[in-house]
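Following: one structure in structure tokens, then a few remarks.
The values are calculated or read from the model by the stated rules, or taken from the named source; none is laboratory data. No experiment lies behind these values; they were computed from the predicted model shown. Using ideal geometry, Cβ is built from the backbone for each residue, glycine included, and neighbour counts are taken over all protein chains shown.
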Amino acid sequence: MIITGIGSNGGIGVTTLMANLFIKLSELGKDVYWLSLSNLVPPVFFKKELAWLEYDAVLREVPLWTKNNCKFCDTCLKACNCGAMARYGEFYVIYSELCISCSACVYACKKNSIQLSNKRIGFIEQSNLNHRIFRVNLNQREIFSSWHCQTIIENMQKKLPKHAVILIGFPSGFRELWADLIQLSDKIIFYTNDIYTWEMLYKSISHDQADMILAVNSDYYDLFIERGYSFGFAIPHTKEISIEAIQGYAVSDEAYQQVVKELAYTLNV
Ligand code: SF4
Ligand code: SF4
């Protein structure tokens, strides 16, 4: 089961909530895993002895140009609609970070001078302290896209036990990937203070895609109640909670932990 935390506000809200949920589900004996779709993991997972071990390569089929037989006719270049190919004199370069692996250039070349090949574009790492915690490290110029989302999540699902619960940590801000994440997830925990973003999202998705669970900073909760969203979870928000989260501690606030516990039971995993 894939459970993704999406936050619309930036900051630590959704990450802290998901990290504390991971700890709670672990305590409850669930077969739970953490997968950060970037190299950032919540501070609570960091300890002095932490080291990252390579777990799996992220491979992508991208075209490889070779000079053999090439007539420098530029047909391949013209076939690429992504600007992923460039010619420098008698040399073609393919920028894998722009390539969508559509193979148009491969089919366009009648001289077999371009072939698809697997390129290592990054890797997945595993924490040496907790083998259930993973993060993704892409090559420097690689731009995280729908393809990365889908490939990485689906590959991890295949590698982990069938009944694993995988919590996806996702950096706020990549709104263009929300639709992909909703499509790939069984449940979404959407953390927001913004009623308009919530309404736009809630009304625009088809609810057989993923269960949407609303989590609202408690300072804004009344506003959501007034608009009829009383099913949301009010997440306590204090300076002390933020400080603990930033300093790498599990939140000790009892009210916060109570909400995390209710959330864990609601997920029914
Ligand atoms: S289409 Fe083939 S032959 Fe023409 S430039 Fe591209 S690689 Fe070379
Ligand atoms: S595979 Fe598609 S996107 Fe990639 S370089 Fe070839 S034509 Fe461009």
Which of the residues that make up the range 30-43 are more than 14 Å from the chain's Cα centre (by Cα) and modelled with pLDDT of 95 or more?
30, 31, 32
Restricting attention to strands (runs of 3 or more DSSP E) lying wholly within the range 60-158, give those where 1 or more residues are more than 30 Å from residue 26 (Cα to Cα).
85-87, 92-94, 114-127
From the list 225, 241, pick out the single residue that is at pLDDT 90 or above, in a helix (DSSP H, G or I) and surrounded by 16 or more Cβ atoms within 10 Å (Cβ to Cβ).
241
Quick check on this structure: which one of 41, 14 is in contact (Cβ under 8 Å) with a residue 40 or more places away in the chain, in the same structural domain as residue 137 (by TED's automatic domain parsing) and assigned to a helix (DSSP H, G or I)?
14
Condition first: over 10 Å from the mean Cα position of the chain (by Cα), within 18 Å of residue 41 (Cα to Cα) and not hydrophobic (A, V, I, L, M, F, W, C). Now tell me which residues in the range 171-192 satisfy that.
173, 191
Single unsatisfied condition, residue 127 versus (1) of a type in the set (Ser, Thr, Tyr); (2) away from ligand 2 (no atom under 13 Å from the Cβ); (3) farther than 30 Å from residue 41 by Cβ
(3)
Report, ordered by the first and then the second residue, all pairs with beta carbons closer than 6 Å, sequence separation of six or more or different chains, a first member in the range 63-74 that is closer than 23 Å to residue 120 by Cβ, and a second member that is away from ligand 2 (no atom under 15 Å from the Cβ).
none
If I filter the range 198-217 for residues that are small (Gly, Ala, Ser) and modelled with pLDDT of 90 or more, do I get at least one hit?
yes
With exposed (fewer than 15 other Cβ atoms within 10 Å of the Cβ) and near ligand 2 (Cβ under 9 Å from one of its atoms) as the only criterion, which of 82, 73 stands out?
82
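One line per residue, one yes/no per condition, for (1) touching a helix residue (DSSP H, G or I) at 6+ places or on another chain (Cβ under 7 Å); (2) basic (Lys, Arg); (3) in contact (Cβ under 8 Å) with a residue 12 or more places away in the chain:
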| residue | (1), (2), (3) |
| --- | --- |
| 233 | yes, no, yes |
| 236 | yes, no, yes |
| 243 | no, no, no |
| 246 | yes, no, yes |
| 250 | yes, no, yes |
| 253 | yes, no, yes |
| 256 | yes, no, yes |
| 259 | no, no, yes |
| 267 | no, no, yes |
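Okay, residues lined up against (1) free of Cβ contacts under 8 Å to residues at least 12 places away in the same chain; (2) within 10 Å of ligand 1 (Cβ to nearest atom); (3) in the same structural domain as residue 177 (by TED's automatic domain parsing):
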position: 86; (1), (2), (3): yes, no, no
position: 96; (1), (2), (3): no, no, no
position: 101; (1), (2), (3): no, no, no
position: 111; (1), (2), (3): no, yes, no
position: 134; (1), (2), (3): no, no, yes
position: 141; (1), (2), (3): no, no, yes
position: 144; (1), (2), (3): no, no, yes
position: 150; (1), (2), (3): no, no, yes
position: 156; (1), (2), (3): no, no, yes
I'd like to know if the range 169-183 contains one or more residues that are among the acidic types (Asp, Glu) and part of a helix (DSSP H, G or I).
yes
Of 126, 157, 150, 140, which residue is modelled with pLDDT under 95, within 21 Å of residue 57 (Cβ to Cβ) and either surrounded by 13 or more Cβ atoms within 10 Å (Cβ to Cβ) or not polar (S, T, N, Q) (or both)?
150
Checking 3, 12 in turn, the sole residue that is at pLDDT 95 or above and among the β-branched types (Val, Ile, Thr) turns out to be 3
